[in-house]
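Visitor: Okay, here's the structure, questions in a sec.
The values are calculated or read from the model by the stated rules, or taken from the named source; none is laboratory data. Every value quoted in this text rests on a predicted model; they were computed, and no experiment measured them. Ideal geometry is used to build each Cβ from the backbone, glycine not excepted, and the neighbour counts take in all protein chains shown.
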Amino acid sequence: MLNNQFTFTKKTLGILCVAIGTLGTIAIFAVDIIDVGREGGIGPIQAIGLVIMISLILLGITLIPLGDDPA
Amino acid sequence: MTNNPPISRPILAIIHALMLIALAWLLFHFVVYVVYATNLIQFPFDYDQGEGFELHDVMLLSQFQTPYADIESFPFYGSIYPPMYHVFLVPFAWLFGAEYWYGRLFSFITTLITAITIGWVVYKETYRAIPHADKTLTRMIALASGLAFLSSNIVYHIGPLFRQHISMFMFETLAVAVLAHVSEIESTPRRRRMLLLGFGLLIIGGYTKQLAAFTAIGVLIFLFIRNPRRAIVWGFGFAAVGAGIFVLLTVSTDGHWWTQTITANVKDFLTDQAIGLARLFANLHLALFIPAVLYLVYEVYFDRISIYSIWLVCTLVLSALAAGTWGAGDSYYATAIGAMCILSGIFLSKTVNRGWQFRQNYLRQMIVAPFSKLAPAITIILMLLTPIVYIVYARATLHMPTTGAGFSQIAELFGIEANADNGFYDSAGRLVGAYADIGHLTTEQDVINGDLIVARINEVPTDKLVLSEEAAFSFATDREVITNPVVLYILDQVGHYDSSELVTMLEEQAFGLIILRARFYPPPVNIAIDTYYEMVEVIPMNGFDYQLLRPKN
């Protein structure tokens with residue numbers, strides 16, 4: 001990945017999007033679990049973050065079947 | 001495409017005719033823009049809140065003084081903006097002194113450069129993908145794309161202001177244009193030169209206004225997708241230079257740079273404001289936003305993802321969020337509008353040149369293949385719709401004076417009625433609070449009334465201080481600029497400003513005259529003003545009521 005010729009394909013980009021989206025979603029929920037002193041529920045910024053992360057997962061899932069086409 | 005059957009002459013004639021109508025309308029908006037810029041460049045006072053303080057930053061830098069000073073002691077002045085725009089204006093300050101015209105002219109010219117860059121990118125990208133593209137139509141679309149940027153109500157009304165934001169999006173656009181195909185340059189020295197130029201422009205943009213960070217994020221994501229190693233190496237270099245300048249400024253200003261550019265920019269998030277501005281952006285720009293998004297989707301699934309697509313996503317999402325913070329406004333969308341004009345321009349140019357190509361994949365089978373028999377008819381319909389998109393956009397962004405030679409006749413002919421100050425019509429209306437109440441032309445009466453305020457200040461003995469909420473009157477009377485109210489207010493809100501010294505001066509009635517426009521001071525200062533001063537006169541200027549207060553008793 002760190003050589004001079006490497007470039008993302010649609011498939012590897014899709015996998016990356018799914019990974020970031022999944023980790024991001026977990027992190028957004030973790031804010032509520034870890035920070036127990038806060039008011040309960042998902043705040044507006046968290047909601048926006050969740051929409052972005054879930055969109056990223058969906059984007060990634062649709063990109064993976066596109067295979068080795070350069071991204 | 002050379003293998004496409006020729007389009008019949010009547011259809012081509014209709015497309016050309018409709019495109020000429022679209023261009024004529026967009027050119028009319030450009031004329032309005034030039035008239036507005038000419039009017040503002042001649043106006044000697046603050047037009048938009050805060051312009052005078054940006055001029056003061058220029059004057060301080062021209063005297064080798066820092067605008068990032070201790071705001072808790074006299075003259076209570078600080079700046080929350082990075083210095084690059086003001087640095088560019090320093091030579092003008094040396095030549096002409098404290099004047100508004102050169103800062104506004106500079107901003108206006110940068111918008112023209114941005115628009116030309118947008119048009120140039122659309123033209124170049126069309127020929128890169130379709131070498132046999134129709135010259136006339138491609139030029140028309142490229143011209144329309146550049147004019148569409150200037151036609152946006154948001155770009156129009158901030159374009160000729162003495163504000164740093166406007167030149168920022170020129171640097172961002174130039175950086176994106178320079179880096180768009182940098183990964184494809186085979187010559188290593190040339191590629192490095194282009195990367196250096198692109199990142200240099202981004203650093204300048206970032207030190208013009210912090211929002212350029214959103215473009216930098218987009219650029220780094222793009223470079224990462226194309227070649228992670230190069231993105232990491234150059235990203236670290238870029239971050240090191242940016243952070244180095246930041247540390248230097250923080251140390252050399254005793255930490256005031258940090259307080260005023262970082263602490264002061266951590267503001268409350270107003271959900272209603274964010275939603276209102278997003279809806280306003282969509283209402284005004286939908287005609288071009290749809291093709292821009294379609295082109296983005298096309299690149300994601302059927303072509304390589306360009307820097308422009310990532311730029312649009314990053315600047316739109318991050319700017320839409322940032323626009324919800326206190327003190328933000330519609331101008332936060334300006335960079336995304338530039339990206340939108342480029343993407344929509346490429347989409348429409350590809351359409352009129354019949355340059356669409358779809359890679360073989362499951363989506364092609366699902367979405368494109370079922371319509372393959374209808375392709376010729378769909379192509380003709382889309383080609384005819386292309387100029388209509390620009391016509392709809394021109395109507396959606398309509399803004400013009402309804403008075404004055406030529407304009408009053410046009411307004412009467414089309415039944416356009418003023419809905420803003422000084423007989424101005426703005427399709428954006430005034431429905432969203434954070435939409436700047438500007439765009440109208442100033443009048444002779446505005447200048448007369450401004451001079452009247454200056455005359456009132458001159459009545460105050462020179463050994464008495466004058467506190468003006470706008471710096472213009474201090475410049476016009478050769479008095480010291482005292483306070484930058486918005487900076488004091490924001491830092492007061494986040495607990496980083498102690499107003500005791502200023503309040504004490506107000507209690508002692510140290511000011512012979514106070515001039516207020518919007519009372520942007522922190523609450524304790526406003527209370528002290530009302531306690532120890534009384535309003536003696538209200539002078540309207542440029543749609544605002546300037547309150548003049550003298551010491552009680």
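Visitor: Looking only at the range A:3-12, filter to residues that are more than 7 Å from chain B (Cβ to nearest Cβ) and closer than 17 Å to B:PHE222 by Cβ; which one of those is farthest from the chain's Cα centre (by Cα)? Steps first, please.
Guide: So the first thing to find is which residues in the range A:3-12 are more than 7 Å from chain B (Cβ to nearest Cβ), and the list is A:5, A:9-12.
Keeping just the survivors that are closer than 17 Å to B:PHE222 by Cβ gives A:9-10, A:12.
Numbers: A:THR9: 17, A:LYS10: 15, A:THR12: 13 Å.
Top of the filtered list is A:THR9.
Visitor: Now for a separate question. Determine, yes or no, whether B:ILE130 is in contact with a Gly (Cβ under 7 Å, 6 or more places away or on another chain) and β-branched (Val, Ile, Thr). I'd like the intermediate steps shown before the answer.
Guide: Working: in contact with a Gly (Cβ under 7 Å, 6 or more places away or on another chain): yes; β-branched (Val, Ile, Thr): yes.
Answer is yes for this residue.
Visitor: Does B:TYR308 meet the test of being crowded, with 19+ Cβ neighbours inside 10 Å, more than 14 Å from chain A (Cβ to nearest Cβ), closer than 30 Å to A:GLN5 by Cβ and out of contact with any Ser or Thr (no Cβ under 8 Å at 6 or more places or on another chain)? If you could, list the steps in order and put the result at the bottom.
Guide: Numbers: crowded, with 19+ Cβ neighbours inside 10 Å: yes; more than 14 Å from chain A (Cβ to nearest Cβ): yes; closer than 30 Å to A:GLN5 by Cβ: yes; out of contact with any Ser or Thr (no Cβ under 8 Å at 6 or more places or on another chain): yes.
Here the answer is yes, as B:TYR308 does meet what is asked.
Visitor: For the range B:412-451, which residues satisfy the criterion of being hydroxyl-bearing (Ser, Thr, Tyr), over 20 Å from the mean Cα position of the chain (by Cα) and surrounded by fewer than 19 Cβ atoms within 10 Å (Cβ to Cβ)?
Guide: Residue satisfying the conditions is B:THR443 alone.
Visitor: Which residue, of A:GLY67, A:GLY37, is under 22 Å from B:PRO228 (Cβ atoms) and at pLDDT below 95?
Guide: Going through A:GLY67, A:GLY37 in turn, the sole match is A:GLY67.
Visitor: Which residues, taken from the range B:384-400, are part of a helix (DSSP H, G or I) and in contact with a Leu (Cβ under 6 Å, 6 or more places away or on another chain)? Before the answer, list the steps.
Guide: Going residue by residue through the range B:384-400, those that are part of a helix (DSSP H, G or I) are B:384-396.
Once the filter is applied, which keeps residues that are part of a helix (DSSP H, G or I) and in contact with a Leu (Cβ under 6 Å, 6 or more places away or on another chain), the range B:384-400 yields B:THR386, B:PRO387, B:TYR393, B:ALA394, B:ALA396.
Visitor: For the range B:221-243, how many residues meet the condition of being within 14 Å of another protein chain (Cβ to nearest Cβ) and either part of a helix (DSSP H, G or I) or touching an Asp or Glu at 6+ places or on another chain (Cβ under 6 Å) (or both)? Reasoning before the result, please.
Guide: Of the residues in the range B:221-243, the ones within 14 Å of another protein chain (Cβ to nearest Cβ) are B:221-236.
Subsequent filtering for residues that are either part of a helix (DSSP H, G or I) or touching an Asp or Glu at 6+ places or on another chain (Cβ under 6 Å) (or both) retains B:221-226, B:228-236.
Qualifying residue count for the region: 15.
Visitor: List the residue pairs whose Cβ atoms are under 8 Å apart, where the first residue sits in the range B:89-110 and is closer than 19 Å to B:LYS209 by Cβ, the second is of a type in the set (Lys, Arg), and the two are 6 or more positions apart or on different chains.
Guide: Sorted first by the residue in the range B:89-110, then by its partner, the pairs are B:SER107/B:ARG163.
Visitor: Looking only at the range B:400-418, which residues are more than 14 Å from B:HIS29 (Cβ to Cβ) and in contact with a strand residue (DSSP E or B) (Cβ under 6 Å, 6 or more places away or on another chain)?
Guide: Hits for the range B:400-418 are B:THR402, B:ALA418.
Visitor: Restricted to the range B:424-458, and to residues that are free of Cβ contacts under 8 Å to residues at least 60 places away in the same chain and touching a Leu at 6+ places or on another chain (Cβ under 8 Å), which residue is farthest from B:TYR36 (Cα to Cα)?
Guide: Taking the range B:424-458 as the starting set, the residues that turn out to be free of Cβ contacts under 8 Å to residues at least 60 places away in the same chain are B:424-425, B:429-430, B:443-445, B:448, B:451, B:454-455, B:457-458.
Next cut, touching a Leu at 6+ places or on another chain (Cβ under 8 Å) only: B:424-425, B:457.
On the way: B:PHE424: 11, B:TYR425: 13, B:ILE457: 29 Å.
Filtering the range B:424-458 for residues that are free of Cβ contacts under 8 Å to residues at least 60 places away in the same chain and touching a Leu at 6+ places or on another chain (Cβ under 8 Å), the one farthest from B:TYR36 (Cα to Cα) comes out as B:ILE457.
Visitor: Let me ask something else about it. Name the single residue, out of those in the range B:505-553 being in contact with a Phe, Trp or Tyr (Cβ under 8 Å, 6 or more places away or on another chain) and part of a helix (DSSP H, G or I), that is surrounded by the most Cβ atoms within 10 Å (Cβ to Cβ).
Guide: B:LEU506
Visitor: With respect to B:GLY345, is the statement that it is of a type in the set (Gly, Ala, Ser) and not in a helix (DSSP H, G or I) true?
Guide: Working: of a type in the set (Gly, Ala, Ser): yes; not in a helix (DSSP H, G or I): no.
Against the criterion (of a type in the set (Gly, Ala, Ser) and not in a helix (DSSP H, G or I)), B:GLY345 does not qualify.
Visitor: Those residues that are of a type in the set (Gly, Ala, Ser) and either under 30 Å from B:GLN65 (Cα atoms) or more than 14 Å from chain A (Cβ to nearest Cβ) (or both), I need them from the range B:254-275; list them, please.
Guide: At the first step, the residues of the range B:254-275 found to be of a type in the set (Gly, Ala, Ser) are B:255, B:264, B:274.
Those that are of a type in the set (Gly, Ala, Ser) and either under 30 Å from B:GLN65 (Cα atoms) or more than 14 Å from chain A (Cβ to nearest Cβ) (or both): B:GLY255, B:ALA264.
Visitor: Looking at A:GLY41, is it more than 8 Å from every other protein chain (Cβ to nearest Cβ) and either more than 14 Å from the chain's Cα centre (by Cα) or β-branched (Val, Ile, Thr) (or both)?
Guide: Working: more than 8 Å from every other protein chain (Cβ to nearest Cβ): yes; either more than 14 Å from the chain's Cα centre (by Cα) or β-branched (Val, Ile, Thr) (or both): yes.
Judged against the criteria, A:GLY41 is a match.
Visitor: Still on this structure, please answer the following. Scan the range A:44-58 and tell me whether some residue there is in contact with a strand residue (DSSP E or B) (Cβ under 9 Å, 6 or more places away or on another chain) and either small (Gly, Ala, Ser) or within 13 Å of chain B (Cβ to nearest Cβ) (or both). Break it down into steps so the answer makes sense when it comes.
Guide: Taking the range A:44-58 as the starting set, the residues that turn out to be in contact with a strand residue (DSSP E or B) (Cβ under 9 Å, 6 or more places away or on another chain) are A:44-45.
Among the residues that remain, those that are also either small (Gly, Ala, Ser) or within 13 Å of chain B (Cβ to nearest Cβ) (or both) are: A:44-45.
Yes, that holds for at least one residue.
Visitor: Ok, one more. Considering each of A:ILE15, A:ILE28 in turn, give the residue that is part of a helix (DSSP H, G or I), in contact with a Gly (Cβ under 7 Å, 6 or more places away or on another chain), away from chain B (no Cβ under 14 Å) and not small (Gly, Ala, Ser). Steps first, answer last, please.
Guide: Details: A:ILE15 fails: away from chain B (no Cβ under 14 Å).
Exactly one of A:ILE15, A:ILE28 is part of a helix (DSSP H, G or I), in contact with a Gly (Cβ under 7 Å, 6 or more places away or on another chain), away from chain B (no Cβ under 14 Å) and not small (Gly, Ala, Ser), namely A:ILE28.
Visitor: Is it the case that B:TYR36 is in a helix (DSSP H, G or I), within 30 Å of B:LEU248 (Cα to Cα) and hydroxyl-bearing (Ser, Thr, Tyr)? Give the derivation first.
Guide: On the way: in a helix (DSSP H, G or I): yes; within 30 Å of B:LEU248 (Cα to Cα): no; hydroxyl-bearing (Ser, Thr, Tyr): yes.
So B:TYR36 does not fit the description; no.
Visitor: Within the range B:143-163, how many residues are farther than 25 Å from B:GLN49 by Cα and buried (at least 24 other Cβ atoms within 10 Å of the Cβ)? Give the steps one after another, and end with the answer.
Guide: Going through the range B:143-163, the residues farther than 25 Å from B:GLN49 by Cα turn out to be B:143-148.
Pick out the ones that are also buried (at least 24 other Cβ atoms within 10 Å of the Cβ) and you get B:144-148.
The total comes to 5.
To keep it simple, each residue is scored yes or no on (1) of a type in the set (Ser, Thr, Tyr); (2) in a loop (DSSP other than H, G, I, E, B); (3) within 23 Å of B:THR325 (Cα to Cα).
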{"residue": "B:ALA436", "(1), (2), (3)": "no, yes, yes"}
{"residue": "B:VAL447", "(1), (2), (3)": "no, no, no"}
{"residue": "B:ASP463", "(1), (2), (3)": "no, yes, no"}
{"residue": "B:LEU467", "(1), (2), (3)": "no, no, no"}
{"residue": "B:VAL481", "(1), (2), (3)": "no, yes, no"}
{"residue": "B:VAL487", "(1), (2), (3)": "no, no, yes"}
{"residue": "B:HIS496", "(1), (2), (3)": "no, yes, yes"}
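Visitor: Is the range B:322-331 home to any residue that is more than 14 Å from every other protein chain (Cβ to nearest Cβ) and part of a helix (DSSP H, G or I)?
Guide: In the first step, residues of the range B:322-331 are kept if they are more than 14 Å from every other protein chain (Cβ to nearest Cβ); the result is B:326-331.
Right, trim to part of a helix (DSSP H, G or I) and you get B:330-331.
Scanning the range B:322-331 turns up at least one residue that is more than 14 Å from every other protein chain (Cβ to nearest Cβ) and part of a helix (DSSP H, G or I).
Visitor: Identify all residues within the range B:158-186 that are assigned to a loop (DSSP other than H, G, I, E, B) and either in contact with a helix residue (DSSP H, G or I) (Cβ under 9 Å, 6 or more places away or on another chain) or under 30 Å from B:ALA428 (Cβ atoms) (or both); write none if there are none. Even if it seems obvious, please write down each step before you answer.
Guide: From the range B:158-186, those assigned to a loop (DSSP other than H, G, I, E, B) are B:159-163, B:180-181, B:185-186; that's our starting set.
B:GLY159, B:PRO160, B:LEU161, B:PHE162, B:ARG163, B:ALA180, B:HIS181, B:ILE185 - these are the residues of the range B:158-186 that are assigned to a loop (DSSP other than H, G, I, E, B) and either in contact with a helix residue (DSSP H, G or I) (Cβ under 9 Å, 6 or more places away or on another chain) or under 30 Å from B:ALA428 (Cβ atoms) (or both).
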